[in-house]
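Trainee: Would you mind keeping the following structure in view while I ask a few things?
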Amino acid sequence: MKRTDLRNIAIIAHVDHGKTTLVDQMMRQSGLFRSEELDRLVGGQHGLILDSNDLERERGITILAKNIALTVAGTKINIIDTPGHADFGGEVERVLKMADGCLLLVDAAEGPLPQTRFVLRKAFDCGLRPIVVINKIDRPDARPMDVLNEVFDLFVALDADEATLDFPTIYAAGRDGIATTDLSIPAVDFKPLFDAILKYVPTPEVDMDAPLQMLTISLDYSDYVGRIAIGRVNAGTIRRNQRVAIVRPPSSVGQAFQPGRVGPPRQAGKPDLQVMGGKRIDVQVKQLYTFDRLGRIETDQVTAGDICAVVGLEQIDIGDTIADIDNPVALPPITIDEPTLDMLFRINDSPFVGQEGTYVTSRQLRDRLMKELQSNVALRVVPSEEKRDEFYVSGRGLLHLSILIETMRREGFELSVGKPRVIYREKNGQTTEPIEYLVIDVPTMHVGAVMELVGYRKAECLKLETRADQSHVEFTIPARGLIGLRTRLLNATSGQAIMHHTFYDYQPTRGPIPGRANGVLVSIETGRTTAYALDGKQDRGTLFVGAGENVYEGQIVGEHCRDNDLPVNICQEKKLTNMRASGSDKSVILKPPRQMTLELALEYIEDNELVEITPTAIRLRKMYLKENERKKQARHGAG
C-alpha cells in the first residue's frame, strides 16, 4: 500500500550551493515555529540553524547529515540535510537509503560541480528521481537557463532514463525564502517548492502486515540511554517494549577490529544464533522516537515508511537489520565507496607529552578510534603490525581525516600523525592510483599559472571555458597531487582561485610528483626561544615560531631558504658584559611567524616528519628527534 500521509526526501548538492540555508527557510515558512524560537538557534559563519556542531559553525560547512520533520498540508515530510563536501560522501551514501526522493540543488551561477555529479550518481543508484532546484537566482551573475542545460547534460552523461530526464525544475533564492516554477512568474515564498515535493516525491510503498524490517542507517549516543539506532522502517511495525532480533550481515561476523568494522568486541550475554550466514542477537526495544520538527518525540509504535530512532539495542551497528523475532530476514547491507587516503596515527612521544592534553596513551587512542568507527562508516582503521601504539587510519580525503583529528584534539587527546598517503590498488597486474576530478574557477589572467602548477602534478586538462573575465578549467589529477595544491594555487593566483574536486576513478600511476622544494629549520635545543636567537635566523628562511615559545630538540621551527634541512639553535641567549657599545642594545624587529593550521601542517610535512597535535598547539617535528638518529636513518635508507 502507499502512505499518502508521508514523504521522505534528501537534500543533495555540491558544497556551498545552499542546502542548509534552504532547509532553514523551509522551517521558517512551515508555520510550525515561532520566529523567536528559530532565531535563538541561529549561529556560525552563515547564521544557520541546522549546522549546530561547533566545527560546522566555525568552518561554515555541513559535516554530519541531520534529520528533521515538517508537516505541510497534513502531510509529514521527513527532510534529510546532507554534507556537500566530497570527503563526507559516506554520509550521503548512507542516508539516501532512507529517502524516496531528493532535491538536487545547483548554484545558478556556478552550475554543476564535481560533488553534484557524485551525489547525483548515488541518487540514481538508489533509484531516486530528483527535483532540480536552481538556487541563488538572486546572484548578479546568475545564469539559470544555461545551468539548467548543464544539469540536463549531466543527467544524460549519467545514463538517466527518459522518465528521470523529464525532471521538474524549481527556481529559488534560498536565503530570501522564495521560489517559482517559471522565471516569468515573480517568486514570493516557498509554496511552489512545498507543492513540488508533495506532487513529485513518491509516496512510500510499504507492507504494513509483513514481518518487521528496519535497516540501521546511523547511530546516535546518549550518556543516559546508550546507543540510539536511526533508520527507516522498511516493512511491518515496530513497537515499544517489543522483542526484536538484530541480524548482522555475514560479511561482518567475527570482525571486532577489522578495517571499517565498527565497535568494540561484543558484550557477553545471550549466545549468538546463526541466521542466513550472519549473526542474530535477540533484544528488547526500550524506547521509540519519531522525528518531529527539530527534535524527536516518544511514541508507542512506528509503521513502515517512517524514519525513527530506537533505544535499547546496545549491540547494534550501522548496517544491521532490526527484524521480527519470529521471522528475522536481513536487508541488503550498506555499501560504501572505499577510502582513497590513509595516515599514520600514533601516540605523542615528544618531550612535551602530557603537559597540554588529558588522553595520551595508546589504549586511549585505540578506544577513541574504535568509537569513531561506530558512526563514521567511510573510515578504516588498521593497527600497525610493527608497533602497538600506531594505527593506519584511512578516509575519503584530507578534510575527512583532519575533522577527526580536530575533534579528538578538542576532546583532550594528544597524538602525532604522519604524512597523508594515497592508497594504491593492483588491477590486472598493474598498479593503479586514485584519480580526482578537479574543477578550478580562476580569473583568465591567472590561467597560465594554474596550468603550470597542476601540470607539474601530472594533471590532464579535460575542458577549458571562458566566461567574461573568468575561466572554468576541468582536470583529472592524481589524488597525491592534490596534497598541498590549494595553498600553492592561492599563492599563485593572489587568492582568487576556487577549486573543487571529487573522486573520479582508479587509473595507472602517472609517475613521480616532486615533493617540497625547501628544507626545514630544525631546533637542536629544548627550551624557550629568544628574540636574539630568532633575529639571527631570519635570513635563513621563514620562521614558524615567535619569541618566548617553548620548543624541543627535533621540532621544526621554520622553512629553510635552500633545499636541505638546517639544525639551528633558537634558544641562545645574548651574553651579558660590562661593556657598552653604540648599537649593542638595538631593539630586535622580528617578522611575524607563519601560522600553521591543521590542514596546512598536514599538507606541508614529508615522509620523515610528523604533526604533533595537542589541545592547545600544533607543532611540526621530525620523526627522529636526535640529529644523530636522523643521520643514521638517512644512511640506512641510502644503503
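Trainee: Kindly indicate the residue of the stretch 599-639 that is hydrophobic (A, V, I, L, M, F, W, C), farther than 19 Å from Asn550 by Cα and touching a residue at least 12 places away in the same chain (Cβ under 8 Å) and also surrounded by the fewest Cβ atoms within 10 Å (Cβ to Cβ) among those meeting that condition.
Mentor: Leu600
Trainee: If you check every pair at least six apart or on different chains, which have Cβ atoms under 8 Å apart with a residue in the stretch 396-412 that is closer than 14 Å to Leu64 by Cβ and touching a residue at least 40 places away in the same chain (Cβ under 8 Å) first and a residue that is in a helix (DSSP H, G or I) and open to solvent by 30 Å² or more (accessible area, probe 1.4 Å) second?
Mentor: Qualifying pairs under 8 Å: Leu399/Glu599.
Trainee: Which strands (runs of 3 or more DSSP E) sit wholly inside the stretch 317-405 and have at least 2 residues that are open to solvent by 40 Å² or more (accessible area, probe 1.4 Å)?
Mentor: In the stretch 317-405, the matching strands (runs of 3 or more DSSP E) lie at 380-383.
Trainee: Tell me which residues, restricted to the stretch 2-18, are open to solvent by less than 30 Å² (accessible area, probe 1.4 Å) and more than 26 Å from Gly74 (Cβ to Cβ).
Mentor: Ile12, Ala13, His14, Val15, His17, Gly18
Trainee: Please give the number of the condition Ile80 fails out of (1) of a type outside the set (D, E, K, R); (2) over 20 Å from Gly231 (Cβ atoms); (3) touching a residue at least 60 places away in the same chain (Cβ under 8 Å).
Mentor: With respect to (1) of a type outside the set (D, E, K, R); (2) over 20 Å from Gly231 (Cβ atoms); (3) touching a residue at least 60 places away in the same chain (Cβ under 8 Å), Ile80 is out only on (2).
Trainee: In the stretch 212-234, what residues are outside any strand (DSSP E or B) and closer than 18 Å to Val285 by Cβ?
Mentor: Leu212, Tyr224, Val225
Trainee: Taking the condition of being surrounded by fewer than 23 Cβ atoms within 10 Å (Cβ to Cβ) and of a type in the set (Ser, Thr, Tyr), how many residues in the stretch 55-106 meet it?
Mentor: Residues that pass the stated criteria total 2.
Trainee: Quick check: anything in the stretch 410-428 in contact with a helix residue (DSSP H, G or I) (Cβ under 7 Å, 6 or more places away or on another chain) and farther than 18 Å from Ile483 by Cβ?
Mentor: Within the stretch 410-428, one or more residues are in contact with a helix residue (DSSP H, G or I) (Cβ under 7 Å, 6 or more places away or on another chain) and farther than 18 Å from Ile483 by Cβ.
Trainee: Now for a different question. In the stretch 213-241, how many residues are in contact with a strand residue (DSSP E or B) (Cβ under 7 Å, 6 or more places away or on another chain) and either aromatic (Phe, Trp, Tyr) or under 11 Å from Met98 (Cα atoms) (or both)?
Mentor: Counting residues in the stretch 213-241 that are in contact with a strand residue (DSSP E or B) (Cβ under 7 Å, 6 or more places away or on another chain) and either aromatic (Phe, Trp, Tyr) or under 11 Å from Met98 (Cα atoms) (or both) gives 11.
Trainee: Of these, Asp189, Asp209, Asp223, which one is free of Cβ contacts under 8 Å to residues at least 24 places away in the same chain and not hydrophobic (A, V, I, L, M, F, W, C)?
Mentor: Asp223
Trainee: Can you find, within the stretch 503-520, the residue that is nearest to the chain's Cα centre (by Cα) among those that are within 18 Å of Glu436 (Cβ to Cβ) and part of a strand (DSSP E or B)?
Mentor: So, considering only residues that are within 18 Å of Glu436 (Cβ to Cβ) and part of a strand (DSSP E or B), the one nearest to the chain's Cα centre (by Cα) is Phe503.
Trainee: Going by the structure shown, is Ile281 without any contact (Cβ under 8 Å) to a residue 40 or more places away in the chain, part of a strand (DSSP E or B) and surrounded by fewer than 22 Cβ atoms within 10 Å (Cβ to Cβ)?
Mentor: In short, no.
Trainee: Going residue by residue through the stretch 406-417, is there one that turns out to be at pLDDT 90 or above, open to solvent by less than 10 Å² (accessible area, probe 1.4 Å) and among the acidic types (Asp, Glu)?
Mentor: Yes, that holds for at least one residue.
Trainee: Check Asp138, Asp182, Asp209, Asp176 and return the single one that is assigned to a loop (DSSP other than H, G, I, E, B), over 24 Å from Lys122 (Cα atoms) and either of a type in the set (A, V, I, L, M, F, W, C) or in contact with a strand residue (DSSP E or B) (Cβ under 6 Å, 6 or more places away or on another chain) (or both).
Mentor: It is Asp138.
Trainee: Here is a follow-up. Scan the stretch 151-160 and tell me whether some residue there is open to solvent by 30 Å² or more (accessible area, probe 1.4 Å) and of a type in the set (Phe, Trp, Tyr).
Mentor: Looking for residues that are open to solvent by 30 Å² or more (accessible area, probe 1.4 Å) and of a type in the set (Phe, Trp, Tyr), one finds at least one in the stretch 151-160, hence yes.
Trainee: Moving on. Only residues that are open to solvent by 30 Å² or more (accessible area, probe 1.4 Å) and among the hydrophobic types (A, V, I, L, M, F, W, C): list them for the stretch 131-141, please.
Mentor: Ile137
Trainee: Sticking with this structure for a sec: For the stretch 478-502, which residues satisfy the criterion of being farther than 18 Å from Pro420 by Cβ, out of contact with any Leu (no Cβ under 7 Å at 6 or more places or on another chain) and assigned to a helix (DSSP H, G or I)?
Mentor: Leu490, Asn491
Trainee: Does Gly305 qualify as being in a loop (DSSP other than H, G, I, E, B), touching a residue at least 12 places away in the same chain (Cβ under 8 Å) and in contact with a strand residue (DSSP E or B) (Cβ under 6 Å, 6 or more places away or on another chain)?
Mentor: yes
Trainee: Next up: Return yes when Leu128 is more than 28 Å from the chain's Cα centre (by Cα) and buried (at least 19 other Cβ atoms within 10 Å of the Cβ) and no when it is not.
Mentor: Answer is no for this residue.
Trainee: May I ask you to list the residues in the stretch 494-534 that are among the hydrophobic types (A, V, I, L, M, F, W, C) and either free of Cβ contacts under 8 Å to residues at least 12 places away in the same chain or farther than 30 Å from Arg121 by Cβ (or both)?
Mentor: Ala517, Val520, Leu521, Val522, Ile524, Ala531, Ala533, Leu534
Trainee: Continuing with this model, one more query. What about Ile524, is it under 26 Å from Ser350 (Cβ atoms) and open to solvent by 30 Å² or more (accessible area, probe 1.4 Å)?
Mentor: Judged against the criteria, Ile524 is a match.
Trainee: Can Arg28 be described as of a type in the set (Lys, Arg) and surrounded by fewer than 22 Cβ atoms within 10 Å (Cβ to Cβ)?
Mentor: Spelling it out, Arg28 is indeed of a type in the set (Lys, Arg) and surrounded by fewer than 22 Cβ atoms within 10 Å (Cβ to Cβ).
Trainee: Which of (1) touching a Cys at 6+ places or on another chain (Cβ under 9 Å); (2) of a type outside the set (Lys, Arg); (3) over 22 Å from Cys102 (Cβ atoms) is the odd one out, the single condition Val201 does not satisfy?
Mentor: (3)
The values are calculated or read from the model by the stated rules, or taken from the named source; none is laboratory data. Quick caveat: nothing in here was measured; it's all calculated off a predicted structure. We place every Cβ from the backbone using ideal geometry, glycine too, and count neighbours over all the protein chains shown. The area values use the complete protein model at the heavy-atom level, side chains included, leaving out ligands, DNA and RNA. Shrake-Rupley method; radii C 1.70, N 1.55, O 1.52, S 1.80 Å.
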